[in-house]
Amino acid sequence: EDQVTQSPEALRLQEGESSSLNCSYTVSGLRGLFWYRQDPGKGPEFLFTLYSAGEEKEKERLKATLTKKESFLHITAPKPEDSATYLCAVQAVANTGTASKLTFGTGTRLQVTL
Amino acid sequence: NAGVMQNPRHLVRRRGQEARLRCSPMKGHSHVYWYRQLPEEGLKFMVYLQKENIIDESGMPKERFSAEFPKEGPSILRIQQVVRGDSAAYFCASSPTGTQYFGPGTRLLVL
């Protein structure tokens, strides 16, 4: 069974204080690892897809990296508007040839204060 | 390009009533997924559909829950005889292939 564990559960940063969120996973065969951002009362917003170990992607103050066992979401010089819950999910290779479900972690709640 | 649409955004039902949740995928997306998010829990997969076909329903409770994605119109998640434990946020996602894009969700409250 595919599993995703995210840490820490909650993180409080001051504006400008860089940090990293961790996502550890086990999956039968990785098709993709996904990062989403979720604001209270809203649906998850897509951030990144990573497909293979060593891959990195960046968007503004966020950078996602992937190894064979875990992924990191690095936040550089965060701002209060980066406050949200960050979700990690894995998608396994489907033997049917179709895209398959996402298995999510429980998320990291990030709060960035002035 | 409009995003994934879900309605209603909020739904209140009494125990024993039926709940119907609707999802219109993004234009050009033929894959639809339903997930449930319980308070303080992560998103849990329920069902994956393509037009007129259920591809994977391994996360769907065996009783009272059903889903469809007809040739014309939105995908429907139907919950019969709702119980208090069905109270949750239900999210729909659509995909052209791999990456899934989520709608704003329907928050179901069962009294």
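The values are calculated or read from the model by the stated rules, or taken from the named source; none is laboratory data. Owing to the predicted nature of the structure, the values given are computational and were not obtained by experimental measurement. Cβ atoms come from the backbone with ideal geometry, glycine included; neighbour counts cover every protein chain shown. Ligands, DNA and RNA are stripped out before the accessible areas are found, and what is left, the full protein with its side chains, is counted by its heavy atoms. Shrake-Rupley method; radii C 1.70, N 1.55, O 1.52, S 1.80 Å.
The table that follows gives values for the structure above.
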| item | result |
| --- | --- |
| Where B:95, B:24 fall by accessible area, highest first, once all protein chains stay in place (1.4 Å) | B:24, B:95 |
| Computed lengthening from residue A:26 to residue A:9, 0.36 nm per intervening residue step minus Cα-Cα distance | 4.3 nm |
| Contact order normalised by residue count of chain A, Cα under 8 Å, 6+ apart, percent | 37 percent |
| Nearest-10 value in Å² for the accessible area of residue B:84, using the 1.4 Å probe | 140 Å² |
| Choice from B:77, B:21, B:38 with maximal GNM fluctuation in chain B (Cα, 10 Å cutoff) | B:38 |
| Inter-site label distance for residue B:40 and residue B:5 at 7 Å from Cα along Cβ, in nm | 3.7 nm |
| Surface per residue (accessible, 1.4 Å probe) for the protein assembly as shown, Å² | 51 Å² |
| Solvent accessible area, Å² - residue B:86, 1.4 Å probe, full protein context | 10 Å² |
| For region B:1-80, convex hull of alpha carbons as volume per residue, Å³ | 112 Å³ |
| Chain A - Debye-derived log10 I(q)/I(0), Cα point model, q = 0.15 Å⁻¹ | -0.61 |
| Label point distance in nm, residue B:27-residue A:92, each placed 7 Å from Cα along Cα→Cβ | 3.7 nm |
| Descending Cα extents along the principal axes, the protein assembly as shown, whole Å | 49, 40, 35 |
| Reach of residue A:101 by Cα under 20 Å, taken over aspartates and glutamates that are not fewer than 8 positions away in the same chain | A:1, A:2, A:45, A:70, B:41, B:52, B:56, B:57, B:68 |
